[in-house]
Structures are given as structure tokens and as C-alpha cells.
Number of protein chains: 2
Amino acid sequence: MNKQLILKNRPMGMADADTWALETNEVPEPKEGEILIQHHYISLDPAMRGWMNDRKSYIPPVQIGEVMRAGSIGKVIKANNHPQYKEGDCLTGWGGVQQYVVTNGDNWYQVDPNLAPMTTYIGTLGMPGMTGYFGILRVGKIKEGDIVLVSGAAGAVGSVVGQIAKIKGCRVIGIAGGKKKCDYIVEELGFDAAIDYKSEDINDALKRECPKGLDVYFDNVGGEILDAALARLRLNARIVICGAISQYNNNKEKEAVKGPSNYLSLLVNRASMQGMVILDYAKDYGKAAQEMGMWMVQGKLKSKEDVYEGIENFNETYQRLFTGDKLGKLVLKVIEE
Amino acid sequence: MNKQLILKNRPMGMADADTWALETNEVPEPKEGEILIQHHYISLDPAMRGWMNDRKSYIPPVQIGEVMRAGSIGKVIKANNHPQYKEGDCLTGWGGVQQYVVTNGDNWYQVDPNLAPMTTYIGTLGMPGMTGYFGILRVGKIKEGDIVLVSGAAGAVGSVVGQIAKIKGCRVIGIAGGKKKCDYIVEELGFDAAIDYKSEDINDALKRECPKGLDVYFDNVGGEILDAALARLRLNARIVICGAISQYNNNKEKEAVKGPSNYLSLLVNRASMQGMVILDYAKDYGKAAQEMGMWMVQGKLKSKEDVYEGIENFNETYQRLFTGDKLGKLVLKVIEE
């Protein structure tokens, strides 16, 4: 049987147990030219919150009654005359929060689970890693000597951003919540400094860690931290708008998104703020994965996944994205052994 | 005698009569290598409000007791062995709100008052015109067919932005306050459409005039209009942050600057928001003035100055920048005939 997580109600504010329903249905049969994939792992990402709003965005909203959208990785267990994939192939794509999926293979990528753990292919070598890679290189346009700040620094995207900035010769400051994450990014990932937004005043901490200001701020969180970063921009600084996790659970009825009051710092400093969506870089994923794979082999790029088990525990695990109670890429194991 | 407007008190919110003091002092003598300029006209610009705040910005604040900073134009009436300028030369620079100024000539530019009126050299052929020119071309990066929105569209900068966008083959919508200004930009300047923010709901009007969204928004005003424009961005749109006149008279004690709540539209639309300061383009002013002069001769670029008289009337005239009670570039004639 195929356990599937269905979007039942559109959340107002935080999603909760009532947002989804777990259904058990027949495992579907692949038609001619299709494959059946058994999911091993599901990727949990802050962007999921946005996909549940009934609003025009960079991707259509998940509809009520549909399987919740998610990145995923699994193995082909049945191929019905598929031109490219065969049983046993390991594929990653947008399989959704369910245990089995049938597809014609479009927009799925084959990976080699002997070179890296499957969880890494939906983390550092998957969408979050790609987001960090293209975001900091193509949008942030970092160069040697830049002072780079990243929020959500211990997370799936932020940890890649900071490590790549270090590889490129930048000074890197990470913002994370709690001592454990701050220690992790400095001691394990090699960031130059960490700011614990849960225990420090962010403005004071930025003054201390970036006395000369910032060339690049990679924003995963929005809110007060974005404003604090704006206040410390150097001339021609770049802000990469990748996400705004602090604002995702606001909603127009209750509480509007907080816009950055300090945005006129862009004018004073001739700085820019640019948004990005990883889907735009699809044609270069291969090159990026190759380069990041090389850095991983060389020990310059580390990956950490925080793995929870059981599709039944999806809601509980999802909450960790927003409480921050996790370390590294949040992954749910959905295969039952 | 030299009448000089001195910054007496830093304003909280709107500047008023109490902000400045008019002093009458001796006309200064040019020393060896210096010139004495008699001002004919002073430029009044919204940026003046920012220069009065005691805060780090792109230019140092005017200090209490100093002559108020302003762009100006006048003629050399005495030259003391100046290597470049002689009596009768017409120069424009940052002479301040006073009737006479002594300078060594650095950062002053000679212009020919036979080719254009002196007021135009501090308007369309001066800083506001340059701001529009470099802002829309270099930061806005307009190309043929773009849908371009500009606020403050009847003003010194906005009117140049819109006309240049028309010259480059864009569809241009201007936002201005009142029927007179809206008629002016459409009928005299050739904009495709106008939105009167004083009598229309800005969101509804944008839906009507830009049903396909916006490629470029040139922002002179900030506030609600910036948010409305963000809500209508197309993919890869560019927002030029040139000013925020709606927010200049806010102050931290009373009312914070309103940040753009819709800034996550930058993410969804892979759009950018970039600040600019005209001083950065100084080396290319000459080329820009030449091109704009050509457009003026061809009748493609029109210039309108709204001239008031008397340095005594500075405060009253300055208020018009913020009430909007003016049409075109606001100029104060300070020479007494």
C-alpha cells in the first residue's frame, strides 16, 4: 500500500496536524513508458509553507486533496518499457510526500548512491545545495575578500552558502539560533564567526563581527535580521533574497509581512536586493553538482542531514523547520523496512 | 551684501521656517586662483531633506550654522587669476542657498546659457536630469517594449525618466498627484498613461494600466506606491530606488520609514531592487548632457521649470517639494535685479 500525505486544509499561520490527512491507497501501476519509484527519503523545506497558500507564486499552489509537494529520492522498483530508467536506478525529483510515485521520468535525475548517501542528494547535492551554490555565486557575485553574512547558517542552504564563500576566500559570518548551531558552523564548517540571534542583540553582534560592514548578505529569514543587515551594507553590496522563514507563517488576516524599514540603505550604498528561485538554474545543475561533489571529496564542503523516520511523523517533523529544532538538512525517511 | 540661508535647527519631520535663518553678510573676496560667482538660480530638491539629518549617508550632513546645501547656477563676476574661468562664465555646481559663493572651481561645470535657459542647466540638463538618465538607462536597464512605471512622474527626475523610456520604445505609465500633472505628462510629455494617486486607488489603477505587469519601476516616492508596484512585477523586473519622498519626513521618534511589505515579490519574480546616487556617474555627465541636449533640440525631451523668486521665500518654496504644489523642476531665483 502507498501512504500519501494529502493537503486537507490551507493553513492560516503555522500549518498543523489539521492541515494534512494521511491516506493509504493502492500502490499505482506504471503504464507503458512509465516507472514506479519507491521513495526512501522526503525533503522538508521552508518553501513548503508558501506552496500551501492559494496565491500566484513561482510555482502553482498545492491544491486541496492533492499529495503535498516535496522533493524526494527513491529507487525504481518497476519499469514498464521506460526508454531511460530500469529497476534499481536511484532517482531524485519532486515525488511528493508519499511512499510510491509513478512518473514518466521527466524532471527526475539519476544519481549514484555509492558516491554519496541518498540523503545528501536531496540536501547539499540537491535543491538546497543548488540554491546555495547559484545564489551565492550568480546572485551574490562573491569575490575574494568580500565580507559575507548568511542567516539560517546551520541550515541546508545557509551551510552551503557559507562554505562556498569560504572556498572563494571571503570572510564569512553566520547567523543561527542557539549555541549548538553556532559552534557547528564555526568549528565544523569553518565559518569565521557566528551570531546567535536567540541570545544576542543582532545589531550589536553585527557591529562586533562586521565592523567594516557587509558586501553580501544572503537572506533566508527576513524580518528584523534583514533590517539589521541592511543597516550595515557597504558600497555596492548585494542582498540575495532566498527566503524569509520568519515571515512565512504571517498572513494578511492576522499579521502582514514585515517589509524592511531600512531599505533606503540600498540607495545610500548603491546596493541591490535580488530575488532568486532555484528552478531557473536547472540547465546548470549538473555542473554545480560536479563541482560541489569535488569539494566534498576534498573535504571543503561538508553536509549534514537530520533524519527523522516515518511518513506518519511528517507534521511533527515539519514543525522543526520553523522551531529550528534540527541541525542541518531536515529529511524524513518514508521507506518501511 | 550676500544673503545666505543657514541651517539653524535640525528638523524633526517636515522642515519649517524655524529650520533656517537668513543672514546677510559681506560678499566674500576670491583669493589667488579663486573665482566669485553670483548665483542666479538655486535648485530645490527632495534630497535636501536627507542632508539635514545628522546621519551617515552618501554625502555628509549639512552642519548647524552652515549654509544650506543646494545645486546652483550663476556667473563669475570676479576671477583672481583663475587658470580656467573668467568673468562672465556661466557655471553650475553645489553653491548652496546663498547669493554669492567663492570657489576654486573644483566640481563646477561651465555651461552655455545661449543654448538653453540657465534654469534648465539645474533641471533636465543638471542633477535631476542626470539622475533620470543614468537611473533609467544604467540601473533600470530598459529595452524596447518594456513596461515602465515611474512615480513623481511630473517632477524633475520622473519627467526625464518617462521621456527617455518613450524614446527607447517602452510603454510608460506615470504616477502623479492631481489632474493637471497627469494631463501634463500624457499630453505634453507623451507618456502612454497617467495615474492620479490623489484620486485613484493605486492598486486598481495599476491593474488597469499595467494588466501584464511591470518590467521596470522607477521609484521616487516609496511607501504604499512602492508596495503596489512590487505586487505587479514581471519576471526579472528591475526597481530603481532613486528616492522616497513619502518617507523623508518620517523620523524614528514619531514614525518609522515604511518598509515594502511586498518585497518577497522580488523572490517570486527573480526581480531586483537597486539603489542609485547620481554622484557615481560624474565622469559621464558630459556624454549624457550631450545626448539629452540633442533630444531637446529634436523636441523629444521637454523641460519645464517652476520658478519662484527671492531667497527670502526659500522656506515657502521648499514646502512645495512635499505638498506637490508645483509643476516641473522647482527653482528659486536668488539674483536681485
**Study point:** Count - residues of the stretch A:286-308 that are more than 25 Å from A:Lys326 (Cα to Cα) and either of a type in the set (Lys, Arg) or in contact with a helix residue (DSSP H, G or I) (Cβ under 6 Å, 6 or more places away or on another chain) (or both)
**Key:** 2
Study note, to complete from the structure: B:Leu149: passes all of (1) assigned to a strand (DSSP E or B); (2) touching a helix residue (DSSP H, G or I) at 6+ places or on another chain (Cβ under 9 Å); (3) without any contact (Cβ under 8 Å) to a residue 40 or more places away in the chain but (3)
Exercise for review: Looking at (1) within 10 Å of chain A (Cβ to nearest Cβ); (2) touching a helix residue (DSSP H, G or I) at 6+ places or on another chain (Cβ under 9 Å), find the lone condition where B:Tyr217 falls short.
Suggested key: (1)
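Report, by residue number, each residue of the stretch A:44-84 that is under 20 Å from the mean Cα position of the chain (by Cα) and of a type in the set (A, V, I, L, M). Walk me through how you get there before you give the answer.
Step one: of the stretch A:44-84, the residues under 20 Å from the mean Cα position of the chain (by Cα) are A:44-53, A:57-62, A:67-74.
Across the stretch A:44-84, the qualifying residues are A:Leu44, A:Ala47, A:Met48, A:Met52, A:Ile59, A:Val62, A:Val67, A:Met68, A:Ala70, A:Ile73.
Of the residues in the stretch A:258-294, how many are in a helix (DSSP H, G or I) and basic (Lys, Arg)? Give the derivation first.
Keep residues of the stretch A:258-294 that are in a helix (DSSP H, G or I), which gives A:261-268, A:278-294.
So of that shortlist, the ones also basic (Lys, Arg) come out as A:283, A:287.
Of the residues in the stretch A:258-294, 2 are in a helix (DSSP H, G or I) and basic (Lys, Arg).
Matching residues to (1) in contact with a Phe, Trp or Tyr (Cβ under 6 Å, 6 or more places away or on another chain); (2) within 14 Å of chain B (Cβ to nearest Cβ):
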residue	(1), (2)
A:Lys31	no, no
A:Arg49	yes, yes
A:Asn53	no, yes
A:Asn80	no, no
Review point. Within the stretch A:85-105, is even one residue farther than 30 Å from A:Tyr248 by Cα, more than 22 Å from the chain's Cα centre (by Cα) and crowded, with 22+ Cβ neighbours inside 10 Å?
Key: no
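Can you pull out the helices (runs of 4 or more DSSP H) entirely within the stretch B:158-257 that have at least 2 residues that are among the charged types (D, E, K, R) and without any contact (Cβ under 8 Å) to a residue 24 or more places away in the chain? Give the steps one after another, and end with the answer.
On the way: elements: B:179-183, B:202-209, B:223-230.
Filter on the stretch B:158-257 gives B:179-183, B:202-209.
Which of the residues spanning the stretch B:306-337 are farther than 18 Å from B:Gly177 by Cβ and either in a loop (DSSP other than H, G, I, E, B) or among the polar types (S, T, N, Q) (or both)?
Within the stretch B:306-337, the first condition is being farther than 18 Å from B:Gly177 by Cβ, and the residues that meet it are B:307-316, B:331-337.
Once the filter is applied, which keeps residues that are farther than 18 Å from B:Gly177 by Cβ and either in a loop (DSSP other than H, G, I, E, B) or among the polar types (S, T, N, Q) (or both), the stretch B:306-337 yields B:Gly310, B:Asn313, B:Asn315, B:Val334, B:Ile335, B:Glu336, B:Glu337.
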Exercise for review: Considering every residue within the stretch B:247-269, establish whether at least one is acidic (Asp, Glu) and in the same structural domain as B:Gly162 (by TED's automatic domain parsing).
Suggested key: yes
**Study point:** Neighbours by Cβ (under 6 Å, 6+ apart or cross-chain): first from the stretch A:12-31, farther than 19 Å from A:Thr317 by Cα and in the same structural domain as A:Val62 (by TED's automatic domain parsing); second modelled with pLDDT of 95 or more and hydrophobic (A, V, I, L, M, F, W, C)
**Key:** A:Thr24/A:Met1; A:Pro28/A:Val102; A:Pro30/A:Leu36; A:Pro30/A:Val102
Exercise for review: Could you please give the count of residues in the stretch B:72-131 that are touching a residue at least 40 places away in the same chain (Cβ under 8 Å), more than 29 Å from B:Val297 (Cβ to Cβ) and not in a strand (DSSP E or B)?
Suggested key: 7
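Among the residues of the stretch B:296-305, which ones are surrounded by fewer than 17 Cβ atoms within 10 Å (Cβ to Cβ) and part of a helix (DSSP H, G or I)?
Start the filter on the stretch B:296-305 by keeping residues that are surrounded by fewer than 17 Cβ atoms within 10 Å (Cβ to Cβ), which leaves B:297-300, B:302.
Hit for the stretch B:296-305 is B:Val297, nothing else.
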Review point. Conditions: (1) buried (at least 21 other Cβ atoms within 10 Å of the Cβ); (2) closer than 28 Å to B:Ile147 by Cα. B:Tyr318 meets all but one. Number of the miss?
Key: (2)
Exercise for review: Would you mind stating whether A:Lys333 is closer than 30 Å to B:Ala231 by Cα, more than 13 Å from chain B (Cβ to nearest Cβ) and among the basic types (Lys, Arg)?
Suggested key: no
Exercise for review: Among what's in the stretch B:225-246 and is modelled with pLDDT under 95 and within 11 Å of another protein chain (Cβ to nearest Cβ), pick the residue that is surrounded by the most Cβ atoms within 10 Å (Cβ to Cβ).
Suggested key: B:Gly243
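May I ask you to say which residue of B:Ile37, B:Ile42, B:Ile6 is over 19 Å from B:Thr119 (Cβ atoms), β-branched (Val, Ile, Thr) and outside any loop (DSSP other than H, G, I, E, B)? If you could, list the steps in order and put the result at the bottom.
Numbers: B:Ile37 fails: over 19 Å from B:Thr119 (Cβ atoms); B:Ile42 fails: over 19 Å from B:Thr119 (Cβ atoms).
Just one listed residue meets the conditions, B:Ile6.
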Point to revise | Selection within the stretch B:247-295 - exposed (fewer than 14 other Cβ atoms within 10 Å of the Cβ) and either within 7 Å of another protein chain (Cβ to nearest Cβ) or farther than 27 Å from B:Pro128 by Cα (or both) | key: B:Lys252, B:Glu253, B:Lys254, B:Glu255, B:Ala256
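The values are calculated or read from the model by the stated rules, or taken from the named source; none is laboratory data. This structure is a prediction, so every number in the text was calculated from the model and none was measured. All Cβ positions, glycine included, derive from the backbone under ideal geometry; neighbour counts span all protein chains shown.
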